[in-house]
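**Student:** Got a structure for you, written out below as structure tokens; questions coming shortly.
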Amino acid sequence: MRVRLLRRGLPIASLAVLGVLSFTPAALAASGPPALSFTPSSWTAGPIDSGTTTTQAFTLTNTGDKASGAITITLPGSAAFTATADTCTGRSLGPGKSCSITVQYAPASNAENDTATLTAISVKASVTAPLSGSSTNPNPFAQSQADCEAIGGTFSTDPSTDALGMGANFIWSCNNSPTEPGSSTLIDDCFNDGGGTLAISGPSPWYSTCAKT
């Protein structure tokens, strides 16, 4: 009776050992490399006025199964993008761990279009986030538009609104005004905008065109 029990016990013990051995390679295979990701994965800044700034915080996370190794942050591209805060450089991120980088966009001139790439590099993993930014192109005739609209006119820089046929000399129009637009204010505006002639036609509604002489 004792012999039978021992003989039964040996196969069970052997199966247990084999079971451990058979599952060990699968467990090892499930352990993958580090994987870095940015949140957000990209950024479009602006349009904003030149001389102003806007910022975006990025979270860098290791979504893999192993530590990343020491991280280096780079920001190649337009100098309008700069990193203003960085808790990632020189740090190794373990699985599930995060750090942050804050990027600033500061266009120096009007109508800029800038690009850059936020990059996190380690020995074992890397990731990039594309950045783009733009600055506004302010209306160079803002004062003329304000003065035109103050007397009920419709301001436009579209040459098709040139009711007086100034053609290639056209700068802007102040049309459909119930008040004669030939005031000294609009004449001065036209001069300040590089024009020399404010052509006027009436009676009401009045049409006017600012043109170069």
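The values are calculated or read from the model by the stated rules, or taken from the named source; none is laboratory data. Source: prediction; values computed, not measured. Here Cβ is always computed from backbone atoms with ideal geometry, including for glycine, and neighbour counts include all displayed protein chains.
**Student:** Can you find even one residue in region 118-140 that is part of a loop (DSSP other than H, G, I, E, B) and on the phi > 0 side of the Ramachandran plot? Even if it seems obvious, please write down each step before you answer.
**Tutor:** Residues of region 118-140 part of a loop (DSSP other than H, G, I, E, B): 122-125, 136-140.
Within this subset, residues satisfying the condition of being on the phi > 0 side of the Ramachandran plot are none.
No - not one qualifying residue is present in region 118-140.
**Student:** Where residues in region 122-146 are in contact with a strand residue (DSSP E or B) (Cβ under 8 Å, 6 or more places away or on another chain) and within 25 Å of GLU180 (Cβ to Cβ), which of them is surrounded by the most Cβ atoms within 10 Å (Cβ to Cβ)?
**Tutor:** Keep residues of region 122-146 that are in contact with a strand residue (DSSP E or B) (Cβ under 8 Å, 6 or more places away or on another chain), which gives 122-123, 125-136, 141, 144-145.
Those still in the list that are within 25 Å of GLU180 (Cβ to Cβ) too: 141, 144-145.
Numbers: PHE141: 22, SER144: 24, GLN145: 18.
The extreme case among them is SER144.
**Student:** Kindly indicate whether VAL127 is within 16 Å of PHE58 (Cα to Cα) and within 11 Å of the chain's Cα centre (by Cα). It would help to see each step written out before you state the result.
**Tutor:** On the way: within 16 Å of PHE58 (Cα to Cα): yes; within 11 Å of the chain's Cα centre (by Cα): no.
No: the conditions fail for VAL127.
**Student:** Of the residues THR39, THR74, THR54, THR84, which is closer than 24 Å to GLU112 by Cβ, touching a strand residue (DSSP E or B) at 6+ places or on another chain (Cβ under 6 Å), at pLDDT 95 or above and loosely packed, with under 13 Cβ neighbours inside 10 Å? Before the answer, list the steps.
**Tutor:** Values: THR39 fails: closer than 24 Å to GLU112 by Cβ; THR74 fails: loosely packed, with under 13 Cβ neighbours inside 10 Å; THR54 fails: loosely packed, with under 13 Cβ neighbours inside 10 Å.
On inspection, the qualifying residue turns out to be THR84.
**Student:** Can you go through SER134, SER208, SER126 and tell me which one is closer than 30 Å to GLY64 by Cα and either touching a residue at least 60 places away in the same chain (Cβ under 8 Å) or of a type in the set (Gly, Ala, Ser) (or both)? Steps first, answer last, please.
**Tutor:** Working: SER134 fails: closer than 30 Å to GLY64 by Cα; SER208 fails: closer than 30 Å to GLY64 by Cα.
Selected residue: SER126, the only one of SER134, SER208, SER126 that is closer than 30 Å to GLY64 by Cα and either touching a residue at least 60 places away in the same chain (Cβ under 8 Å) or of a type in the set (Gly, Ala, Ser) (or both).
**Student:** Let me ask something else about it. Among (1) outside the structural domain of THR53 (by TED's automatic domain parsing); (2) modelled with pLDDT of 90 or more; (3) under 38 Å from the mean Cα position of the chain (by Cα), there is one condition SER122 misses while meeting the rest; what is its number?
**Tutor:** It is condition (1) that SER122 fails.
**Student:** Where the second residue is of a type in the set (Val, Ile, Thr) and assigned to a loop (DSSP other than H, G, I, E, B) and the first is in contact (Cβ under 8 Å) with a residue 12 or more places away in the chain and lies in region 33-44, which pairs have Cβ atoms under 8 Å and are six or more apart or on separate chains?
**Tutor:** Going by the 8 Å Cβ cut-off, the qualifying pairs are ALA35/THR63; LEU36/THR63; LEU36/ILE71; SER37/THR63.
**Student:** A follow-up question, please. In region 164-187, is there at least one residue being modelled with pLDDT of 90 or more and acidic (Asp, Glu)?
**Tutor:** Within region 164-187 (the criterion being modelled with pLDDT of 90 or more and acidic (Asp, Glu)), the answer is no, since none of the residues qualifies.
**Student:** Shifting gears a bit: Cβ-Cβ under 6 Å, sequence separation 6+ or interchain: first residue in region 156-179 and farther than 14 Å from ILE200 by Cβ and assigned by TED's automatic domain parsing to the domain that holds ALA199, partner among the basic types (Lys, Arg) and in a loop (DSSP other than H, G, I, E, B). Which pairs?
**Tutor:** ASN169/LYS212
**Student:** Looking for whichever is hydroxyl-bearing (Ser, Thr, Tyr), at pLDDT below 95 and not assigned by TED's automatic domain parsing to the domain that holds PRO205 here; the options are SER100, SER109. Which one fits? Can you show your working first?
**Tutor:** Details: SER100 fails: at pLDDT below 95.
Result of the check over SER100, SER109: SER109.
**Student:** Name every residue in region 94-109 that is polar (S, T, N, Q) and not in a strand (DSSP E or B), in order of residue number. If you could, list the steps in order and put the result at the bottom.
**Tutor:** Taking region 94-109 as the starting set, the residues that turn out to be polar (S, T, N, Q) are 98, 100, 102, 104, 109.
The answer is SER109, and nothing else.
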